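Visitor: Okay, handing you the structure first.
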Amino acid sequence: MIRSELIQKLSEENPHLYQRDVERIVNAIFEEIIDALADGNRVELRGFGAFSVKKRDARVGRNPRTGESVSVEEKHVPFFKAGKLLRDRLNGHDG
């Protein structure tokens, strides 16, 4: 599912809301999650999962095409850990 499909589905399930308002709400939620992660915070959506940021240390990598060693800088990457309810649903349990 892509963002526009999510907005469409939520609009269909909530006919009392304008689609443009649903789009603003979805965008606001994503922006808040992004802002929180950018500030180094963790975002937990109970039953769904938790978003956090993990630091990857600088290292010496290898260019797969040439085999040459390359320096890879330290970086921060988003990390998602699924919640119990989500894991249960994916495994056919009602949770």
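Visitor: Just to confirm the filter: which trypsin sites (Lys or Arg not before Pro) across the range 18-50 are DSSP coil and have at most 12 other Cβ within 10 angstrom of their Cβ?
Guide: R42, R46
Visitor: Would you please give the residues with an amide H less than 5 Å from that of G47, counting only those at least 5 places away or on a separate chain, with H modeled from the backbone geometry?
Guide: Correct list: K84, L85.
Visitor: For the range 65-81, just list the computed ³J(HN,Hα) in residue order, Karplus coefficients 6.51, -1.76 and 1.60, θ = phi - 60°, integers in Hz, with x standing in for Gly and Pro.
Guide: 7, 10, x, 6, 6, 9, 8, 10, 6, 4, 8, 10, 10, x, 9, 10, 10
Visitor: Return an integer: the convex hull volume of the alpha-carbon atoms of the chain, in Å³ per residue.
Guide: Values: hull volume 16.3 nm³, N = 95.
Convex hull of Cα atoms, per residue: 172 Å³.
Visitor: Next up: Check each of the GluC sites (Glu not before Pro) in the range 14-95 and keep only those in coil by DSSP with at most 14 other C-beta atoms within 10 angstrom; list them in order. Before the final figure, lay out each step's value.
Guide: Numbers: sites: E23, E31, E32, E44, E68, E73, E74; in loops: E68, E73, E74.
Listed in order of number, the matching sites are E68, E73, E74.
Visitor: Using only Cα atoms, tell me the angle between helix 19-38 and the longest principal axis of the chain; keep it within 0 to 90° and round to the nearest 10.
Guide: Taking the Cα atoms of the chain, the angle to 19-38 is about 30 degrees.
Visitor: DSSP loop chymotrypsin sites (Phe, Trp or Tyr not before Pro) in the range 1-54 with at most 15 other Cβ atoms within 10 Å of their Cβ, which ones?
Guide: Details: sites: Y18, F30, F48, F51; in loops: Y18, F48.
Passing sites in the range 1-54 are Y18, F48.
Visitor: Quick check on the chain: helices-only [θ] at 222 nm, where DSSP H runs of length 4 and up contribute -39,500 (n - 2.57) each and the sum goes over total residues. Nearest 500, please. Numbers along the way, then the final one.
Guide: Numbers: 3 runs with 38 residues, N = 95.
Value at 222 nm, helices only, nearest 500: -12500 deg cm²/dmol.
Quick note: the coordinates plus some simple rules give every number you see, no bench work behind them. Fair warning: this is a prediction, and the values are worked out from it, not measured in the lab. We place every Cβ from the backbone using ideal geometry, glycine too, and count neighbours over all the protein chains shown.
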